[in-house]
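Since the structure comes first, as structure tokens, the remarks are kept for the end.
Taken together, the values in this text are just the output of simple stated rules run on the coordinates, not laboratory data. Just so you know, these numbers come straight off a predicted model, no measurement behind them. Please note: Cβ atoms are built from the backbone with ideal geometry, for glycine as well, and neighbour counts cover all protein chains shown.
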Amino acid sequence: MNTFFQLFISALLVSSLYTLVAVGFTMYVGVINLANFSHGDTCVMGTFLLMPIFLFATKMGWLSAGAGLLIPVIIILVMLLTGLWGAGIYKILVKPLLVAPRLILLLASVAAGQVIREAIRVIYPNGSNPQVFPKLLPSGILEISGLRFGYDSLTIIFLSVICIISLNFIIKRTKMGLAMRAVSQNSDVSQMMGINIEKTIITVFIIGSALAGLAGILNGAFYGITKFNLGSNLGIKGFSAAVIGGLGDFQGAIVGGVLLGFIEVFAAAYIPNGSQYQDVFSFLAVIAFLIFRPSGILGEKIFEKV
Amino acid sequence: MNPIKMNDSTTNRTLNRIITPILLIVVVASVYLVVVYENVITTIAGLLLGVGVFFGYSRYPKLKESVNDGIKKDKVYLIITGLILAFIIPLTTRTQPYIIHILIIAEISIILALGLNFQVGSTGIPNLGYAAFYGVGAYASALLSTKFGMSFWVSLLAAGFIAAFFGWLVGLPTLRTRSYHMALVSIAFGLVTYIMLNNLVFTGGPNGIKNIPAPEIFGWSLFSTIRLFGNSFPVQINFYYFVLLFLVLMLAIAFFVYNSKIGLFWNAVREDEIAAKCSGINTAKLKLLSFAMGAFLAGIAGSLYAHYIGYISPENFNFNTSLQVLGMVIMGGLDNIVGVSIGAFILSVAPEKFRSLADFRMLATGLIILLMLMFRSSGIIRQQIREYKKSHFRTELANKDEGNG
Amino acid sequence: MVKKILLVLITILIVASLVGCGPAKPAEKQTVKIGFIGPLSGGNAAVGIGAKNSFQLKVDEVLAAGDYPYNIEVVYEDDASDPATGVAAATKIASDPDIVAAATHWNSPVGLATVDIFHKYGMAQIFWGTIHRDIIYGNDYKEPVRVIPTSEQSMELAAEYAKKFGIMDWVIVNDTTDYGTKIRDEFTAAIEKRGGKILEAIGVTVGQQDFAAVLSRVGELDPQGIFYAGVTTEAAGVRIQSMKAGLTDVMFMGPPGIQSDTFGEIVLGDAEGTFCSGTFDVNSTPEGIAFVEAYNAKYTDPFEQNGPYAYDSAAIILDALKAVGPDKAKIVDYILGNTFKGVIGDIQWDEYGQNGVGGLTMYVNQDQKWVKYEDSEYASGVRTFPWDK
């Protein structure tokens, strides 16, 4: 029972990270029908943006003055920066290629991911090696009748849930959210209805990238390290989660993220020798979904546009 | 009566016939100068020569015209010149086995890139896990010949067909999904293959397979040194000619497929799948065929690599390898066989030439793909417009130029 | 446009030829080339560069002494930890008639791929970094010799210490690389030889971050010790998460692969009292201390674990070259037939060419640094381990 519970918490943790990444993927597919394969590397970008800022803050002695206040400020600042980064990706890379065949855009995003990864590795000092990531999360363990909760895992789960709920609020209740949904449904018609498509897409890119940045930071803070190539794994898992849930569907990303996290943790725990095949299980799950239910759990059936 | 004009056109014809092979020789010479010698002056001389040819070609319409004419009408001369060059060059560098090694790797890379071109170039389906097929072929061949004592020829064919089977298998999800789904499936397949090769015991795990025997031709091992007229040739040269045979064969197959109905139908699927379906093309079968054929070539390349090096490990077949091959195809020119071959040659030789910059190798690959896609998505050599002398196909649905972006 | 480009190219040509054809130096001694291959780029570049610098340091020292009969030029090639790149580098070095011997590789798959090539060209190949058994014992070649001790010896030491502390029930968590699986097998054998038990060996992948599933299994098995067979990053993850999962009173030990101070930097306080069965302790001999001083005076990059072995590889090549001259075959025979004095001790080959000495050392983590166990506050009794309450 105890083991099961620990695994459950751990699965929730992994799920929330995947969900944060998957949300971005699914929103991009929604508004411009693009699978942005550089999305995972945006997560890592977040960690590598945070480290110098954190180092600077430590050097100036601001951290000892008010760590409790400053850390959230730094995290929000980095989220903003990665958001801008995402907008930049859209402006420089995606927009000029929107007229080209989708294959070109897809391959370009794969190449962009590679360029970001390798540029981080080459530019950041000693970038090939794993970097020690600052411990941003509260440490310590909460013990309730033999069950152990790390404060750090609880913080991550809590933060992710907050983010998802507020994003849900934005999408469902605000004007911008309405515009996003409209563009997802049919961008030509929504343009005719007076929606500023460009602005909507940029907003989507900012939100998606900021959440990816947060996912990267939380990932780094929990495991204590970050590395230039962590993004490829996070990105592929995030995309897998979005596909399982149903691409283009916001709630689908959540369902997919949770499902993937649970498959991964529990398969590794309960299948003998499962840990070294952890990734195999999740990928097989994705491939199975694509063969038998390509539209995902919540997605509608795909109709091909003529 | 216009004898002068007639005379003129005959000389032109002869000129065109000669000028193209000559230009090919000049281009190869410039590449030779850059690749073979390790000193600044020859490198720059080679580059100057290359740049000169390029500018000459693009600045003088007359030259351009006669070259194009030569390429179109007198392919035979060009092919023969190419083959002669390919035959002679390693003989001149026989004291430098390293150069021949680079050339062998380039040959294998071209075979690989031709295979990927079937999917990404002709049919327009992304494949980001291509290295897995290469790996499956290499492992199948290595296992058959080391554990089951099969001869090289059996292993080679088996490698091709096993890889083709996996290609067919991976192609299955394409039937119901979109391009970005396929990108994910291929990445996932690539990673799963890598993990399995690493974890399974019978593949030798992370240490791979060693002592893979060299191919034998009627009992004569390719690892034996040839001695002729008092000269001894490095063993790499045997492999060079051996792989060259396969390369020529694969190029012939690629050209044949490109010019056949299959190539045309693939293009149709790429341009508009639904329209292709409506025109009575069996798109499912064709998509699977492009995967199986591409994987077959990868399997052959893998087998050749395994038997040449004699040792393989999972590291040879990871995501970076997939990306490298993709870079070759995109740089050379999607769906252009000559272009793809040039791209493969450049991207396999350049890293060896810039060894001191090895740290930037993967960055450069990424940048090349990215910049090519953004600014010249047609690659070095643009996809050719299909021409049919006696048009079986009245509708030219195959090749619109917009297809290149 | 064309003219401009041509102009630029011609300028480059002239400058380059000027640089290239500097004044010719008067030839006094014959110049001999030797080779070095290692991971100079990619994820293991730090190790490769440390070894490269150490190799160059020895060459410089010998040449600076003045009485060496040859001028030495070292040809450095990069294998990028990739077998395919390594094969190209090895072909380049081994087939070059001017190069007489080479010191090579850190990654075992690369070593396995190139050992045949050096044999084919009859060139002495001195391994300063790879530990896979078959590189030396899997063939009957004369060319390859290995300076670095095998991990088998290191695991014997690990098991010896485990026995000393009475920790006999172990769980191994290994990564699925050649290194991890090999360490796993050797530690298993060494522990079982001493009457201990391996309850289970659990594989993880390199790059894996979440070990909750693995550690829940470890918790059920309730071992006295966890042995992590792999390298620093994942070892740190396993250690942090095992402490979080409540496995606080077990012994934690790792192979030379975790002997980097990064381990302490990542794990922080939880690193306290973990063990590493590590490599040669340079500070234990006067030659070693001299090496460290000379190295640090010249380079800023750390020499990492393999620096001393690369340094000694250079010494072996230079000794052999001095004794028999620039003749590849003679150098091979000379190296295999003699013993050499190096910073790691007197290097002696067994019949296959494996060095027996190399000073293995047990380290314990104290204040986030690896300290030789005998010199630590744990040995002197100032600090105690959680398992001996």
Exercise for review: Could you pull out every residue, at least 5 positions away or on a different chain, whose amide H is within less than 5 Å of the one on residue A:297? Hs are placed 1.01 Å off N in the peptide plane, and Pro or chain starts have none.
Suggested key: A:245, A:246
Study note, to complete from the structure: In this structure, among A:59/A:237; A:227/C:120; A:237/B:210; C:182/C:372, pairs with alpha-carbon gaps over 29 Å are A:59/A:237; A:227/C:120; A:237/B:210
Point to revise | chain B: calculated mean residue ellipticity at 222 nm from DSSP helix runs of at least 4, using -39500 (n - 2.57) | key: -23500 deg cm²/dmol
Review point. Going toward the positive end of the dipole of segment B:195-286, with +1 on Lys and Arg Cβ and -1 on Asp and Glu Cβ, which of B:282, B:264, B:242 do you reach last?
Key: B:242
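Let's see if you can work this out: charge +1 on each Lys and Arg Cβ, -1 on each Asp and Glu Cβ, no other charges. What is the dipole magnitude of segment A:80-223 about its Cα centre, in debye to the nearest 20? Write out the running numbers ahead of the final one.
Numbers: 12 positive and 5 negative charges, 54 e Å.
Charge dipole, segment A:80-223, about its Cα centre: 260 debye, nearest 20.
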Check your understanding: What average number of partner chain Cβ atoms lie no more than 10 Å from the Cβ of the residues making up C:44-55?
Key -> 1
**Study point:** Options B:91, B:45, B:68, ranked by Cα towards positive dipole end of segment B:1-130, top entry (Cβ charges)
**Key:** B:68
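State which stretch of chain C is the longest one without any exposed GluC sites (Glu not before Pro), exposure meaning a DSSP loop state and at most 14 other Cβ atoms within 10 Å. Could you put the intermediate results ahead of the total?
Working: sites that count: C:28, C:351, C:377.
Within chain C, the longest run free of exposed GluC sites (Glu not before Pro) spans C:29-350.
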Point to revise | Simple label model, 7 Å out from Cα along Cβ direction - residue B:150 to residue C:75, nm | key: 3.8
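Estimate the FRET efficiency between residue C:161 and residue C:357 by the formula 1/(1 + (r/R0)^6), using the beta-carbon distance for r and 22 Å for R0, to the nearest 0.05. Could you put the intermediate results ahead of the total?
Details: r = 19 Å, r/R0 = 0.88.
That gives a FRET efficiency of 0.70.
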Review point. Out of segment A:172-278, which chymotrypsin sites (Phe, Trp or Tyr not before Pro) are coil in DSSP terms and have no more than 15 other C-beta atoms within 10 Å?
Key: none
**Study point:** Folded to 0 to 90 degrees: helix C:45-64 orientation relative to chain C principal axis, Cα
**Key:** 50
**Study point:** Under 15 Å from the Cα of residue B:72 - aspartates and glutamates, other chains or at least 8 residues apart
**Key:** B:387
Point to revise | Among the listed pairs C:29/C:328; C:164/C:244; B:353/C:328; C:163/C:197, those beyond 21 Å (Cα-Cα) | key: C:164/C:244; B:353/C:328
Exercise for review: Just add up the charged neighbours of residue A:283: K/R +1, D/E -1, any other residue whose Cβ is under 15 Å from the Cβ of residue A:283.
Suggested key: -1
Practice item. Find which of C:381, C:121, C:271 sits farthest along the positive direction of the dipole of chain C, computed with +1 on the beta-carbon of Lys and Arg, -1 on that of Asp and Glu, about the Cα centre. Key: C:121
Exercise for review: Convert each backbone phi in segment C:240-250 into a coupling constant with the Karplus relation 6.51 cos²θ - 1.76 cosθ + 1.60 (shift: θ = phi - 60°), then list the ³J(HN,Hα) values in order as whole Hz, x for Gly and Pro.
Suggested key: 4, 6, 6, 5, 5, 7, x, 8, 8, 10, 9
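Can you give the alpha-carbon Rg of the protein assembly as shown over 2.2 N^0.38 Å, where N counts its residues? Write down the numbers at each step before the final one.
On the way: Rg = 30.6 Å, N = 1100, 2.2 N^0.38 = 31.5 Å.
Normalised by 2.2 N^0.38 Å, the Cα Rg of the protein assembly as shown equals 0.97.
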Point to revise | segment C:92-100 - phi-based ³J(HN,Hα) in whole Hz, Karplus 6.51/-1.76/1.60, Gly and Pro as x | key: 4, 6, 5, 8, 7, x, 7, 8, 9
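Which whole number gives the average count of other chain Cβ atoms within 10 Å of the Cβ atoms across peptide B:202-215?
Numbers: counts 0, 0, 2, 6, 12, 10, 6, 1, 9, 5, 0, 0, 0, 0.
The shielding value for this peptide is 4.
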Point to revise | Principal semi-axes in Å for chain A [√(5λ), Cα gyration tensor, largest first] | key: 30, 25, 19
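In terms of the Cα gyration tensor, with a ≥ b ≥ c the square roots of its eigenvalues, is chain B rounded because a/c is under 1.5, prolate because a/b exceeds b/c, or oblate?
oblate
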Practice item. Any chance you could get the radius of gyration and Dmax over the Cα atoms of segment A:219-284, in Å? Key: 12.8, 35
Exercise for review: If a/c stays under 1.5 just call it rounded; otherwise compare a/b with b/c (prolate if a/b is bigger, oblate if not). Do that for chain C, with a ≥ b ≥ c from the square roots of the Cα gyration tensor eigenvalues.
Suggested key: prolate
**Study point:** Vicinal HN-Hα couplings computed from phi for segment C:114-124 (Karplus, 6.51 cos²θ - 1.76 cosθ + 1.60; Hz; Gly/Pro x)
**Key:** 9, 4, 5, 5, 5, 4, 4, 9, x, 9, 5
**Study point:** Loop trypsin sites (Lys or Arg not before Pro), segment A:130-211 (other Cβ atoms within 10 Å of the site Cβ: 15 or fewer; DSSP)
**Key:** A:135
Study note, to complete from the structure: For chain C, the longest principal axis of the Cα atoms and the Cα long axis of helix C:307-324 enclose an angle in degrees, to the nearest 10, of 40
Check your understanding: Using the Kirkwood radius built from alpha carbon pairs, what does the Stokes-Einstein equation give as D for segment A:88-240 at 25 °C and 0.890 mPa s, in µm² per second?
Key -> 133
Point to revise | Amide hydrogen neighbours beyond the local backbone of residue C:72, cut-off 5 Å, H modeled | key: C:32
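Within 10 Å, count the other beta carbons around each residue, average over each peptide in A:207-213, B:97-103, B:379-385, A:152-158, and list them highest first.
Working: A:207-213: 28.1, B:97-103: 24.1, B:379-385: 16.6, A:152-158: 18.4.
So the peptides A:207-213, B:97-103, B:379-385, A:152-158, ranked by packing, come out A:207-213, B:97-103, A:152-158, B:379-385.
Would you calculate, for chain A, the mean residue ellipticity at 222 nm contributed by helices, counting each DSSP H stretch of 4 or more residues as -39,500 (n - 2.57) and dividing by all residues, to the nearest 500?
Working: 11 runs with 221 residues, N = 306.
Result for chain A, helices only: -25000 deg cm²/dmol.
So what's the net charge close to residue B:81: Lys and Arg +1, Asp and Glu -1, counting the other residues with Cβ under 14 Å from its Cβ? Kindly include the intermediate steps, with their values, before the conclusion.
Values: positive: B:17, B:75; negative: B:74.
Net local charge, residue B:81 excluded: +1.
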Practice item. Report, in debye and to the nearest 20, how large the dipole of chain B comes out about its Cα centre when Lys and Arg carry +1 and Asp and Glu carry -1 on their Cβ. Key: 720
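DSSP beta bridges in the protein assembly as shown, what fraction antiparallel, as a percent rounded to 5?
On the way: 24 of 61 bridges.
For the protein assembly as shown, the DSSP antiparallel bridge percentage is about 40.
Based on the alpha-carbon gyration tensor of segment C:138-184 and its eigenvalue square roots a ≥ b ≥ c, which shape applies: rounded if a/c is under 1.5, prolate if not and a/b is larger than b/c, or oblate?
It comes out oblate by the Cα gyration axes.
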Revision key, fill the gap. The answer for the per residue Cα convex hull volume of segment B:13-105, in Å³, is 99
Practice item. Could you calculate the FRET efficiency of residue C:64 with residue A:273 from 1/(1 + (r/R0)^6), where r is the beta carbon distance between them and R0 is 35 Å, rounded to 0.05? Key: 0.05
**Study point:** Helical segments meeting 20 Å axial Cα length and Kyte-Doolittle -1.0 threshold in chain A (DSSP H)
**Key:** A:2-32, A:39-59, A:62-89, A:102-123, A:151-173, A:197-223, A:230-245, A:250-270, A:278-292
Review point. Cα axis of helix C:178-193 to longest principal axis of chain C: angle in degrees, 0 to 90, nearest 10?
Key: 50
Practice item. Would you pull out the residues with amide H under 5 Å of residue C:124's amide H, same chain only if 5 or more places away, H placed 1.01 Å from N? Key: C:102, C:332
Exercise for review: Work out the length of the dipole vector of the protein assembly as shown about its Cα centre, built from +1 on the beta-carbon of each Lys and Arg and -1 on the beta-carbon of each Asp and Glu, and round it to the nearest 20 debye.
Suggested key: 4620
